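Report on one structure; see the data block that follows.
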Amino acid sequence: MKIAALLTGTILTSPVLAQSVSDLETQITELRQQVNVLKSRAASDPIKSPIKVKWEPAPSISSPDGLFEMNIRGRLYMDFATINDKNDNENTSATEFRTARLGVEGKAWKDVKYKFEADFAGNEVTVKDAYLQWSGPSQITVGQFKTPNSLEEQTSSRYTTFMERASFTDAFGLARQMGVGIGFGGDNYTVNMGVFKGSNGTRAENEGIAFASRATYGPKMGETQLHLGASVRFQNQGDEQSDIRYRQRPHNHLAANRYVVTNKIANKDQMIGLEAAAVMGAFSLQGEWATLKANLSNPSFGQLDPSFNGGYVEASYMVTGESRAYDPKKGSFQRVKVNNPVFSGGMGTVQLAVRYDRIDLSDKGIFGGEQDTIILGANWWLNRHTRFMVNYSRSKVKNATDVSLNGVDGKNTINTIGVRAQIDW
């Protein structure tokens with residue numbers, strides 16, 4: 001509009017008839033110079049939109065000054081499984097939405113972040129992460145979030161190698177709780193700790209208290225990315241809460257039964273966990289071990305407090321040449337970068353993996369059982385946000401005489417096959 005007004009004004013003030021061709025050329029030259037000046041001013045001071053929108057792949061909306069941002073988040077996991085055991089307790093062939101999650105995350109006034117997610121799987125609404133986070137000299141988080149424990153728990157299920165996490169993470173009750181956390185770190189280390197008072201769904205007047213802390217170190221040695229970590233958790237049930245029990249399914253969420261399980265036996269416990277991983281190009285190793293001492297709430301005369309333990313070791317290989325993405329500033333694995341996604345004519349990313357998993361819930365007169373599992377897995381990423389998974393597991397149970405599903409000898413064998421279609425945004 002400025003350029004059009006300039007042209008109109010200049011023409012109207014010019015003589016109707018130019019005195020000569022030379023006069024016309026002079027006027028044209030002056031017009032060109034003034035147009036170039038206006039173009040330069042427009043380029044250096046563009047009109048700014050009140051919002052900025054980008055796709056990643058869902059829309060991310062932010063203000064031009066960077067003070068405010070909102071991202072729409074979600075994930076959908078559709079599972080199918082077949083499960084059977086040697087003692088004929090179940091012959092499952094079923095499907096489910098393992099996760100159907102929607103939420104938002106963003107920041108307000110630049111240094112305050114927020115996140116809220118709800119899961120609609122199973123026709124129920126469950127609040128997952130719901131917190132605000134202030135980033136100053138250290139990072140302070142208030143709300144509901146995961147206690148800082150375990151490499152597998154701190155790695156999003158979007159990026160874990162297998163459909164289900166390690167047995168000990170569920171058996172020992174590692175989960176989201178309401179609390180206050182503080183964390184700090186550097187380029188290759190993290191330290192996080194927090195105090196918690198039960199989950200959002202807890203309705204007891206006295207919810208008890210839990211303390212958890214985790215530290216990680218992720219050095220780079222040549223072409224090898226290493227991860228080392230340790231964590232602790234101390235929890236004490238409140239007077240109004242029921243005692244703690246420890247249990248775990250075979251390696252699929254659709255399993256109808258748990259073949260290793262204790263009664264509600266403890267009013268407090270203490271857990272220590274160790275972590276290690278290495279990424280060497282397309283090949284990676286990962287493992288954890290955790291031990292938990294349960295303080296019996298009503299021990300029999302002379303009965304000692306039992307100690308339970310569990311862990312895993314796994315190896316994986318990216319057939320298509322990519323590497324697992326590890327972030328030493330977070331102490332966890334992140335989204336795999338797919339070099340040749342299917343939508344651009346490539347074959348995506350293919351990963352093969354194997355894991356040995358163990359959980360032991362038998363000790364000091366408690367015979368909840370020992371479960372040793374071999375898991376084979378294959379993952380195919382069509383692109384960075386879409387993945388298909390296939391898992392086969394074979395679990396052998398022994399020393400589980402407290403669990404009637406396993407018979408008088410306390411033994412059983414469970415086979416599972418699981419398939420997942422997964423997308424997140």
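Quick one: if the Förster radius is 51 Å, what FRET efficiency do ASP372 and LEU132 give, using the C-beta to C-beta distance and rounding to 0.05? The value I calculate is 0.75.
Sorting GLU370, GLU124, GLU30 by accessible area puts them as GLU124, GLU30, GLU370; the probe is 1.4 Å, largest comes first, and only protein heavy atoms count. Where Lys and Arg each count +1 and Asp and Glu each count -1, what net charge lies around LYS411 among other residues with Cβ under 9 Å from its Cβ? Residues near LYS411 contribute +2 overall. Under the classification rounded if a/c is under 1.5, otherwise prolate if a/b is larger than b/c and oblate if not, where does segment 346-425 fall, given a ≥ b ≥ c as square roots of the Cα gyration tensor eigenvalues? It comes out prolate by the Cα gyration axes. Per-residue accessible area (protein heavy atoms, 1.4 Å probe) orders THR161, THR126 as THR126, THR161, starting from the largest.
Multiplying the residue separation of ASP23 and PHE80 by 0.36 nm and subtracting their alpha-carbon distance yields 12.2 nm. At the residue level, TYR326 shows approximately 30 square angstrom of accessible surface with a 1.4 angstrom probe and all protein chains present.
Label reach from ALA108 (point 7 Å along Cα→C-beta): in segment 125-163, amide nitrogens under 13 Å belong to 131-134. GNM on the chain, alpha-carbon springs under 10 angstrom: the most fluctuating residue among PRO64, PRO328, PRO148 is PRO64.
Other residues lying with their Cβ under 9 Å from the Cβ of ALA175 contribute a combined charge of 0, Lys and Arg counting +1, Asp and Glu -1.
Only Cα pairs under 8 Å and 6+ residues apart enter the sum, and on that basis the relative contact order of the chain stands at 13 percent.
Over all directions, the projected convex hull of the C-alpha atoms in segment 172-249 averages 7.0 nm² in area.
With all protein chains kept in place, the per residue accessible area of the chain amounts to 52 square angstrom at a probe of 1.4 angstrom.
Using the Cβ-Cβ distance between GLU96 and SER63 with R0 set to 35 Å, the FRET efficiency from 1/(1 + (r/R0)^6) comes to roughly 0.30.
In this model, which of LYS86/LYS264; LYS115/LYS146; LYS146/LYS364; LYS128/LYS337 are farther than 19 Å apart at the alpha-carbon? Exceeds cut-off: LYS86/LYS264; LYS146/LYS364; LYS128/LYS337.
For VAL53, VAL35, VAL260, the ranking by accessible surface with the largest value first comes to VAL53, VAL35, VAL260, using a 1.4 Å probe. Under 19 Å from a label point set 7 Å out along the Cα-to-Cβ vector of ASP409, the amide N atoms of segment 229-267 belong to 259-260.
Around the Cα centre of the chain, unit charges on the Cβ atoms of Lys, Arg, Asp and Glu (plus for the first two, minus for the last two) sum to a dipole of about 540 debye. Helix 2-13 and the longest principal axis of the Cα set of the chain meet at an angle near 0°.
Helix content alone sets the calculated 222 nm mean residue ellipticity of the chain: runs of n ≥ 4 DSSP H residues at -39500 (n - 2.57) each, divided across all residues, give -3000 deg cm²/dmol.
Here the chain has 58 percent of its accessible surface on carbon and sulfur atoms, given a 1.4 Å probe and all protein chains in place. Helix 21-44 and the longest principal axis of the Cα set of the chain meet at an angle near 20°. Which residues in segment 176-219 have a backbone N closer than 13 Å to a point placed 7 Å from the Cα of LYS264 along the Cα-to-Cβ line? Output list for this probe position: 203-204.
The values are calculated or read from the model by the stated rules, or taken from the named source; none is laboratory data. These numbers were taken from a predicted model, which means no experiment stands behind them. We place every Cβ from the backbone using ideal geometry, glycine too, and count neighbours over all the protein chains shown. In case anyone asks, the SASA skips ligands and DNA or RNA and just uses the protein heavy atoms, side chains included. Shrake-Rupley method; radii C 1.70, N 1.55, O 1.52, S 1.80 Å.
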